[in-house]
Amino acid sequence: MIIRPPIYLLQLYMRDFGANQVYCDIPAPTLFREAMDAYPSAKFLIVARPTDAWIKSVRKHTRGRSLTYLERLMYWSICRKKNSKLSDYSDEELHDGYMRHRHDVETYAADRNIKVKLFDLGSESLGPEISEYLGLEHRSFLDIDGTRTSSK
C-alpha cells in the first residue's frame, strides 16, 4: 500500500515550488513525484547516510514522542504502515522503508530521464560536490553536528 499526501498538502507545497530553489526534509520526501513531474528539467539530489546511522538519528530526533502530522505522512509513506510513534517501527521496517524510498526516487527519475544524484552526507567534500552538480560557486555544507565540513 502506497500512502500519498492529501491533495491540499500537495497544493500548498507545489504552489511555492516555483518561488524557491531548494526544498528539503519533511515533507519533500513524500512529494518527489509531484516535484519531478512539475519541474522535469530541475536537478534533484538525495543526501543520504548509512541506513543504520539514519535510523539512530531519527530515533534520537523523535525520542519516543508521537509523530507530528508531517512526520506521520513521511514515515507512513516510506514504511507503508501507519504508526503514531517511530518507536512502533522496527529497525528492519525503517531500513526497508529508507532503502525503498531511495530506490523509488531513483527509479521514478530514471524512468522520466530526470536528473537526480546521490550524495554521501559523510563526505568531507559534500558542499563542493553539491555545488559542482548544481553549477554553483563551491560552498561548505553544514554537517549533522552543526559544524562546517571542509570546503576542499
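How far, in nm, would the chain grow between Glu124 and His103 when pulled straight, counting 0.36 nm per residue and subtracting the alpha carbon separation?
The span from Glu124 to His103 would gain 5.1 nm if fully extended.
Within the set Lys56/Lys82; Lys56/Lys117; Lys56/Lys81; Lys82/Lys115, which residue pairs have Cα atoms separated by over 27 Å?
Long pairs (Cα-Cα over 27 Å): Lys82/Lys115.
Since every read-out is calculated from the coordinates, none of them should be taken as a lab result. From a predicted model like this one, the values you see are computed outputs, not experimental measurements.
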